[in-house]
């Protein structure tokens with residue numbers, strides 16, 4: 001049987017446990033009340049951060065006047081190349097040249113056997129002498145009124161015909177002596193001594209290497225920037241650099257490439273520059289206003305237009321279509337920008353046109369004006 005002392009002790013233990021449970025429950029509820037305001041504040045902070053505009057780094061770019069230039073690849077070409085041909089039939093009697101010889105205009109290259117031409121030449125000379133005597137006699141008779149005027153005219157005509165025949169004989173004899181039509185170098189020799197040559201047969205090829213031409217191609221977007229007489233600079237494959245000028249700009253595009261031929265002439269007094277060398281040609285045009293920016297700033301619009309992004313006066317992102325006119329190790333030179341513009345150097349990949357942004361000065365690029 002339970003005594004009164006035991007019942008009192010059991011009652012106190014139950015009350016103690018119930019009190020502890022109550023206190024724990026109260027503390028749990030109080031912790032929820034205190035944490036609720038913190039959660040609310042965190043939500044407000046996140047919303048506030050989401051409303052803040054993106055940050056981009058910008059710099060002020062101003063245009064500079066630069067020498068417009070176009071760089072193309074070309075190949076050296078002789079100024080003139082003439083195929084020398086025989087102008088009459090005959091056997092090659094003497095050769096006066098070898099491949100690689102330098103010749104002046106009019107130098108004798110080949111002598112053909114003159115054969116019967118000499119006899120015809122002498123016959124023509126004799127006939128002229130006879131007709132001159134007859135004409136002088138007719139003049140004397142006419143002064144004496146011994147012959148009619150028509151007889152004197154006939155004698156004059158006979159003399160003129162004889163003289164024409166002599167000129168033809170002289171020309172035919174001279175054609176047996178084949179000469180160089182220009183100054184230059186003998187590139188090919190197509191005959192040997194003893195060969196029979198017919199009219200039109202090739203004798204040699206003479207090339208004129210001074211001045212020498214450099215031929216390249218211009219794209220249609222560069223065509224109107226280059227004119228005849230424009231300054232040019234030619235860098236050959238051996239590293240030598242030569243000044244020249246534009247001598248020809250084609251106006252008909254080549255069918256395969258849709259490019260236009262352009263030729264530059266450079267002096268070659270010592271004929272050291274030969275035909276067929278690869279060359280880098282810089283063509284200089286008028287000055288133009290351009291901006292220099294890091295190449296990493298270039299971006300494409302949705303339609304594929306090349307450009308850069310900037311920030312307008314309202315703090316919004318804008319897109320400027322541009323054209324690259326020069327690419328250097330210090331950056332690219334662009335046209336299409338206003339005279340002065342705030343351009344986004346860092347962060348342009350993460351912002352879109354019309355989006356408001358916060359700007360931070362960009363110090364990582366020195367513009368041409370900064371160097372003083």
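To one decimal place, what Kirkwood hydrodynamic radius in Å is obtained for the range 179-318 from all pairs of distinct Cα atoms?
Taking every pair of different Cα atoms in the range 179-318, averaging 1/r and inverting gives 19.7 Å.
Can you tell me how the range 254-349 classifies by the Cα gyration tensor, rounded, prolate or oblate, using a/c under 1.5 as the rounded cut?
Since a/c reaches 1.5 and a/b is larger than b/c, the shape of the range 254-349 is classed as prolate.
What FRET efficiency comes out for the pair residue 170/residue 196, r = Cβ-Cβ distance, R0 = 22 Å, nearest 0.05?
Working: r = 23 Å, r/R0 = 1.05.
So, using R0 = 22 Å, E works out to roughly 0.40.
For an R0 of 35 angstrom, estimate the FRET efficiency from the Cβ-Cβ distance between residue 161 and residue 274 and round to the nearest 0.05.
That pair, residue 161 with residue 274, gives E of 0.10.
How far is it, in nm, from the label point at residue 153 to the one at residue 327 when both lie 7 Å from their Cα along the line to the Cβ?
Inter-label distance under the simple model: 8.2 nm.
How long is the gain from residue 105 to residue 54 if the chain were fully straight, where each residue apart is worth 0.36 nm and the alpha carbon distance is subtracted?
10.7 nm
How long are the three semi-axes of the equivalent ellipsoid of the range 81-202, in whole Å, if each is the root of 5 times an eigenvalue of the C-alpha gyration tensor, listed from largest down?
With the √(5λ) rule applied to the range 81-202, the semi-axes are 44, 14, 10 Å.
How many nm is it between the label spots at residue 83 and residue 267, if each spot is 7 Å from the Cα in line with the beta carbon?
Inter-label distance under the simple model: 3.4 nm.
Give, in nm to one decimal, the length gained when the segment between residue 358 and residue 254 is fully stretched (0.36 nm per residue of separation minus the Cα-Cα distance).
32.3 nm
Ranking 61, 126 by Cβ neighbours within 10 Å, fewest first, what do you get? Each step should come with its number before you reach the end.
Working: 61 25, 126 12.
Fewest-to-most ranking of 61, 126: 126, 61.
Any read-out appearing in this document is the output of simple, stated calculations on the displayed coordinates, not a laboratory observation. Here the structure is a predicted model, which means the values were calculated and not measured. Note that we place each Cβ from the backbone using ideal geometry, even for glycine, and neighbour counts take in every protein chain shown.
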